[in-house]
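Trainee: Take this structure, written in structure tokens, and hold onto it; I'll ask about it next.
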């Protein structure tokens with residue numbers, strides 16, 4: 001096979017990679033906000049759950065988490081009598097989301113805490129309730145702070161999707177490995193795969209930069 | 001049986017206790033891979049940082065592209081690339097070395113940024129003072145800039161050390177017998193994945209805690225203004 | 001017939017760690033009075049305002065606003081217990097504050113800064129809040145800046161928005177915490193003009209912590225000189241400024257007015 005024939009299967013894989021990235025980044029963002037805000041909550045139970053989640057998923061390897069969800073969870077399910085077998089897509093998106101959510105939670109928490117105390121005092125003087133203050137004053141101001149680190153996390157997520165190939169999801173990495181097995185043409189195939197990931201990363205970076213500018217439009221120095 | 005150690009499938013607890021030594025052998029491989037990978041990342045990262053700081057665009061620009069490329073592409077593919085492609089060019093490394101090399105290269109992109117940021121953070125005034133005192137470029141770097149840059153880069157480097165440790169399980173795909181691989185083999189043979197994988201997760205948590213605490217201790221021990229020179 | 005004071009500090013103690021900032025402070029303000037509070041840094045002036053605005057709690061004594069205790073509420077048996085958040089929320093509605101650093105919401109336009117609290121907290125309709133906001137912007141001389149963001153305005157303009165924002169909540173008592181101290185000298189005048197206008201045209205109770213002695217003299221009904229957590233001397237501006245009774249007051253005024 002000449003190299004142009006590799007493109008088709010690789011593109012199919014790339015499409016799956018893109019879908020995985022989108023799903024896991026979106027779910028991860030939701031988890032990040034939930035746990036990041038949860039870590040700052042007054043309720044000690046919510047705080048404990050958030051901290052537990054963040055520490056466990058930041059403190060262990062993504063691959064371990066993925067394998068656990070795909071191989072170990074069904075066994076746990078058997079023991080208690082429920083069918084907890086996850087299809088590769090579910091295990092993959094779940095592991096990726098949980099992982100990036102834990103890292104994102106620290107970004108969210110840090111950004112919220114970086115909002116100046118003065119803002120909370122102004123809100124209190126206007127008799128805002130604490131919840132109103134969070135949603136209408138603190139959170140909107142913290143979002144531009146989160147964007148640069150979120151951009152990095154999005155790229156990290158894109159790279160991490162490659163791991164789901166190890167539970168047989170047909171993403172770009174899986175297709176590349178399949179082709180290599182078939183043709184033994186490692187150099188060309190892996191170079192192509194690397195270039196495609198690089199291209200996807202550059203596009204993702206550009207999108208995140210645009211998003212960064214959009215959410216920061218009220219800031220001094222924004223154009 | 002693995003590494004000559006038998007496991008005991010009589011009960012959950014017995015199983016867990018019996019496979020622990022096997023997993024710990026895997027953990028030792030994990031630690032070795034982490035240290036070697038980190039070392040390579042530190043050295044190669046310094047090279048990138050030096051190249052990127054070069055005044056000649058023809059040197060700095062390719063270095064910038066390469067580090068961006070390393071940073072934006074998956075470690076898994078880089079690993080496969082090295083594992084399958086290097087032999088085609090006559091370089092056959094044991095799987096462990098290939099794995100450590102892949103880790104080192106991927107993270108060299110990150111460490112080069114840490115070097116750059118740490119050196120830039122040393123206030124410009126320091127350079128100017130050194131020049132006013134007529135210190136040579138090299139001496140300025142080794143005796144003024146570097147000692148002040150080190151405390152700044154230690155926390156970031158420490159975090160990458162922990163990250164490398166968490167990426168070591170990838171090496172299982174090229175047959176390196178690190179901890180996750182060992183757990184998976186046990187699971188394959190006993191059909192009980194739950195206990196080995198959960199133990200691996202727990203051991204990883206502990207390792208991460210220990211490593212992070214170590215980094216924090218080192219960070220606290222280093223004086224903020226720089227390494228003292230008598 | 002003397003009326004109940006609208007603000008009453010009764011042997012109020014406030015400590016920050018080991019430092020006692022307010023030392024059994026007794027202080028009263030009548031309804032509609034314009035009171036200026038002057039004194040050296042650290043004398044507790046801002047702390048008095050912050051306690052009223054519920055930004056700081058107290059370690060002893062009782063603060064009464066509008067006849068009711070602020071930091072305490074009446075327990076069923078008649079004794080006083082520490083105030084709940086619900087009680088504080090109710091009491092806060094009587095007060096408004098203008099901050100030294102303006103503290104406008106940077107992510108909202110000027111108009112939104114003024115309408116947000118009335119809409120969200122008072123439940124005003126968006127239209128009513130907007131109308132009121134435009135009235136207030138007119139009052140402070142910023143009618144054409146409604147759609148600007150805070151970072152696009154000068155310090156003096158931002159502070160005037162801050163005043164409008166506080167007024168939008170219709171407080172009975174307006175607290176000014178060194179409103180012009182963070183401004184460039186040329187911009188101080190425009191803010192003082194607005195505050196002066198408010199003092200003249202409204203029967204709002206106003207408490208003003210300031211270093212602007214001349215302004216304090218013009219605008220106040222009463223001036224209080226704070227020193228080391230207590231009121232050292234108080235009286236009508238003409239009396240206090242021209243012929244202070246206390247040595248310490250004299251010292252302070254001399255140092256401040258000389259510069």
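Trainee: With the requirement that a residue be touching a helix residue (DSSP H, G or I) at 6+ places or on another chain (Cβ under 8 Å) and surrounded by fewer than 22 Cβ atoms within 10 Å (Cβ to Cβ), what does segment B:11-21 give you?
Mentor: Correct list: B:12, B:15, B:16, B:20.
Trainee: Right, next: Restricting to segment A:91-111, what's the tally of residues that are surrounded by 19 or more Cβ atoms within 10 Å (Cβ to Cβ) and closer than 14 Å to residue A:150 by Cα?
Mentor: Residues flagged as surrounded by 19 or more Cβ atoms within 10 Å (Cβ to Cβ) and closer than 14 Å to residue A:150 by Cα within segment A:91-111 amount to 12.
Trainee: So, in segment B:120-132, exactly how many residues are free of Cβ contacts under 8 Å to residues at least 24 places away in the same chain and surrounded by 10 or more Cβ atoms within 10 Å (Cβ to Cβ)?
Mentor: Qualifying residue count for the region: 8.
Trainee: Separate question: Restricting attention to segment B:211-230, report how many residues are more than 11 Å from chain A (Cβ to nearest Cβ) and part of a helix (DSSP H, G or I).
Mentor: Matching residues across segment B:211-230 total 9.
Trainee: Being within 14 Å of chain A (Cβ to nearest Cβ) and not in a helix (DSSP H, G or I) is the filter here, so list the residues in segment B:38-88 that pass it.
Mentor: Of all residues in segment B:38-88, those within 14 Å of chain A (Cβ to nearest Cβ) come to B:64-88.
Of everything in segment B:38-88, those that are within 14 Å of chain A (Cβ to nearest Cβ) and not in a helix (DSSP H, G or I) turn out to be B:73, B:74.
Trainee: Suppose the filter is within 14 Å of chain A (Cβ to nearest Cβ) and either surrounded by fewer than 18 Cβ atoms within 10 Å (Cβ to Cβ) or farther than 24 Å from residue A:219 by Cα (or both); does residue C:141 pass it?
Mentor: no
Trainee: If you don't mind, there's one more thing I want to ask. Among the numbered criteria (1) facing another protein chain (nearest Cβ under 9 Å); (2) in contact with a helix residue (DSSP H, G or I) (Cβ under 6 Å, 6 or more places away or on another chain), which one does residue A:133 miss?
Mentor: The single condition residue A:133 does not satisfy is (1).
Trainee: Also, quick follow-up: In segment B:167-193, how many are within 11 Å of chain A (Cβ to nearest Cβ), surrounded by fewer than 18 Cβ atoms within 10 Å (Cβ to Cβ) and assigned to a helix (DSSP H, G or I)?
Mentor: Within segment B:167-193, residues that are within 11 Å of chain A (Cβ to nearest Cβ), surrounded by fewer than 18 Cβ atoms within 10 Å (Cβ to Cβ) and assigned to a helix (DSSP H, G or I) number 2.
Trainee: Take the conditions surrounded by fewer than 17 Cβ atoms within 10 Å (Cβ to Cβ), assigned to a helix (DSSP H, G or I) and modelled with pLDDT of 90 or more and apply them to residue B:164. Does it pass?
Mentor: So residue B:164 fails the test.
Trainee: Right, here's the next one. Identify, please: which residue in segment C:163-187 is within 13 Å of chain A (Cβ to nearest Cβ) and farther than 20 Å from residue C:37 by Cα and is, among those, surrounded by the most Cβ atoms within 10 Å (Cβ to Cβ)?
Mentor: Filtering first and then ranking leaves C:165.
Trainee: Which one is nearest to the other protein chains (Cβ to nearest Cβ) among residues in segment A:152-180 that are outside any helix (DSSP H, G or I) and buried (at least 20 other Cβ atoms within 10 Å of the Cβ)?
Mentor: A:171
Trainee: On the given criteria, is residue A:108 outside any helix (DSSP H, G or I) and touching a helix residue (DSSP H, G or I) at 6+ places or on another chain (Cβ under 7 Å)? Quick ask: steps written out before the conclusion?
Mentor: Values: outside any helix (DSSP H, G or I): no; touching a helix residue (DSSP H, G or I) at 6+ places or on another chain (Cβ under 7 Å): yes.
Judged against the criteria, residue A:108 is not a match.
Trainee: Then there is this: I'm told residue A:188 meets every condition in (1) touching a residue at least 60 places away in the same chain (Cβ under 8 Å); (2) assigned to a helix (DSSP H, G or I); (3) more than 17 Å from the chain's Cα centre (by Cα); (4) crowded, with 17+ Cβ neighbours inside 10 Å except one. Can you identify the failing condition by its number?
Mentor: (4)
Trainee: Looking only at segment B:184-208, which residues are without any contact (Cβ under 8 Å) to a residue 12 or more places away in the chain, more than 14 Å from residue B:15 (Cα to Cα) and in contact with a helix residue (DSSP H, G or I) (Cβ under 7 Å, 6 or more places away or on another chain)?
Mentor: If the condition is that a residue be without any contact (Cβ under 8 Å) to a residue 12 or more places away in the chain, more than 14 Å from residue B:15 (Cα to Cα) and in contact with a helix residue (DSSP H, G or I) (Cβ under 7 Å, 6 or more places away or on another chain), then B:201, B:205 are the ones that fit.
Trainee: Right, here's the next one. Give the residues of segment C:11-30 that are closer than 23 Å to residue A:120 by Cβ and outside any strand (DSSP E or B), sorted by residue number.
Mentor: C:17
Trainee: Of all residues in segment A:73-102, which are away from chain B (no Cβ under 12 Å), over 27 Å from residue B:26 (Cα atoms) and in a helix (DSSP H, G or I)?
Mentor: Those that are away from chain B (no Cβ under 12 Å), over 27 Å from residue B:26 (Cα atoms) and in a helix (DSSP H, G or I): A:89, A:90, A:93, A:97, A:101.
Trainee: Could you list all residues from segment B:1-37 that are within 15 Å of residue B:194 (Cα to Cα) and assigned to a helix (DSSP H, G or I)?
Mentor: Matches in segment B:1-37: B:12, B:13, B:14, B:15, B:16, B:17, B:18, B:19, B:20, B:23.
Trainee: Could you check segment C:216-232 and list, in sequence order, the residues that are touching a strand residue (DSSP E or B) at 6+ places or on another chain (Cβ under 7 Å), assigned to a strand (DSSP E or B) and surrounded by fewer than 21 Cβ atoms within 10 Å (Cβ to Cβ)?
Mentor: Across segment C:216-232, the qualifying residues are C:222, C:230, C:231, C:232.
Okay, residues lined up against (1) surrounded by fewer than 22 Cβ atoms within 10 Å (Cβ to Cβ); (2) within 22 Å of residue C:195 (Cβ to Cβ); (3) facing another protein chain (nearest Cβ under 9 Å):
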site: C:94; (1), (2), (3): yes, yes, no
site: C:99; (1), (2), (3): no, yes, yes
site: C:107; (1), (2), (3): no, no, yes
site: C:114; (1), (2), (3): no, yes, no
site: C:119; (1), (2), (3): yes, no, no
site: C:123; (1), (2), (3): yes, no, no
site: C:128; (1), (2), (3): yes, no, no
site: C:132; (1), (2), (3): yes, yes, no
site: C:135; (1), (2), (3): yes, yes, no
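Trainee: Could you say which residue among A:70, A:6 is touching a residue at least 24 places away in the same chain (Cβ under 8 Å), in a helix (DSSP H, G or I) and more than 22 Å from the chain's Cα centre (by Cα)?
Mentor: Unique residue meeting the criteria: A:6.
Trainee: Residues to consider are A:74, A:88; find the one that is modelled with pLDDT under 90 and surrounded by 14 or more Cβ atoms within 10 Å (Cβ to Cβ).
Mentor: Only one candidate passes the filter, namely A:74.
Trainee: A further question on this structure: Considering B:98, B:92, B:67, which residue is more than 24 Å from residue A:203 (Cβ to Cβ), touching a helix residue (DSSP H, G or I) at 6+ places or on another chain (Cβ under 8 Å) and touching a residue at least 12 places away in the same chain (Cβ under 8 Å)? Explain how you work it out, then say what you get.
Mentor: Details: B:92 fails: touching a residue at least 12 places away in the same chain (Cβ under 8 Å); B:67 fails: more than 24 Å from residue A:203 (Cβ to Cβ).
None of the other options fit; the residue is B:98.
Trainee: With the structure loaded, tell me whether residue A:139 is buried (at least 17 other Cβ atoms within 10 Å of the Cβ), within 14 Å of chain B (Cβ to nearest Cβ) and within 21 Å of the chain's Cα centre (by Cα) or whether it fails that test. Steps first, please.
Mentor: Values: buried (at least 17 other Cβ atoms within 10 Å of the Cβ): yes; within 14 Å of chain B (Cβ to nearest Cβ): no; within 21 Å of the chain's Cα centre (by Cα): yes.
No, not satisfied.
The values are calculated or read from the model by the stated rules, or taken from the named source; none is laboratory data. The structure presented is a predicted model; accordingly, all values stated were derived computationally and were not measured. Cβ coordinates were reconstructed from backbone atoms using ideal geometry, including for glycine residues, and neighbour counts include every protein chain displayed.
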